[in-house]
Amino acid sequence: MPPKAKITKDMVIDAAFEVARAAGAENINARTVAKKLNCSTQPVMYYFKTIEELKKAAYAKTDWYHTEFLMSRKEPQKGVMLGIGLNYIRFAITEPHLFRFLFQSGYAVENSLLEMIDSEELVPVISAMQEAMKMTMEQTKEVFLTVALFAHGYASIIANNSLEYDKELVAAHLERAYRGAVLAVQENSRGGFR
């Protein structure tokens, strides 16, 4: 008889991620993860002394997955920011449980928007935007923050089944928010607005 496959820590994290994806992070527990792995609860609890630790590891994987999702623009857009913004909203539509895990569960390590915008996970997103917009990093972050808040509002409403997704309407609103944010940053740099 061949030896039984060894369960690794990464396999446990992947299984917890899949539980969160299918049923929500509130359903991550030793039994649901073990069932996903087709094993006893012993390997799950071997790697994670508490379910809270496992949820944090699953959250980190979800955060990484979200960043990859944002950066994979599937359809041509008018610009990087619009593509990333639409992907953010599309994530809420296609992965509502993961969206709620990331943004509505209290597991985020950042305590403020400024911490979020400076987080390591956002470096690829902000860098791609900066390159595309030809602005300073500070200006790019200002535009990102405005558009991210707008996109997050739409995504939250959609992820909680309170609004139907109308791609053209959302894209038009997102583009308007983006243009307004860029104009505001440009005005600020010329000494206007304030």
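Residues ALA16, ALA22, ALA30: which one is loosely packed, with under 13 Cβ neighbours inside 10 Å and small (Gly, Ala, Ser)?
Answer to the check: ALA22.
Only one residue in LYS141, LYS134 is farther than 23 Å from GLU26 by Cβ, of a type in the set (Lys, Arg) and loosely packed, with under 14 Cβ neighbours inside 10 Å. Which one?
From the options LYS141, LYS134, the qualifying one is LYS134.
So in the stretch 87-127, with the set limited to residues that are modelled with pLDDT under 80 and surrounded by 17 or more Cβ atoms within 10 Å (Cβ to Cβ), which one is farthest from GLU26 (Cα to Cα)?
By that ranking, first place goes to VAL125.
If I go through the stretch 18-56 residue by residue, how many of them are closer than 25 Å to ALA148 by Cβ and aliphatic (A, V, I, L, M)?
Count: 2.
Tell me whether the stretch 150-164 contains one or more residues that are exposed (fewer than 14 other Cβ atoms within 10 Å of the Cβ), closer than 30 Å to ALA23 by Cα, of a type in the set (D, E, K, R) and out of contact with any Asp or Glu (no Cβ under 8 Å at 6 or more places or on another chain).
Taking every residue of the stretch 150-164 in turn, at least one turns out to be exposed (fewer than 14 other Cβ atoms within 10 Å of the Cβ), closer than 30 Å to ALA23 by Cα, of a type in the set (D, E, K, R) and out of contact with any Asp or Glu (no Cβ under 8 Å at 6 or more places or on another chain).
Filter the stretch 135-186 down to residues that are over 16 Å from LEU82 (Cβ atoms) and assigned to a loop (DSSP other than H, G, I, E, B), then give me how many there are.
Looking only at that region, the number is 6.
If I go through the stretch 59-77 residue by residue, how many of them are modelled with pLDDT under 70 and surrounded by 12 or more Cβ atoms within 10 Å (Cβ to Cβ)?
The qualifying residues number 2.
Could you tell me how many of the residues in the stretch 136-189 are within 18 Å of the chain's Cα centre (by Cα) and among the small types (Gly, Ala, Ser)?
Total satisfying the criteria: 6.
The values are calculated or read from the model by the stated rules, or taken from the named source; none is laboratory data. It should be emphasised that the depicted structure is a prediction, and the values quoted were computed from it without experimental measurement. All Cβ positions, glycine included, derive from the backbone under ideal geometry; neighbour counts span all protein chains shown.
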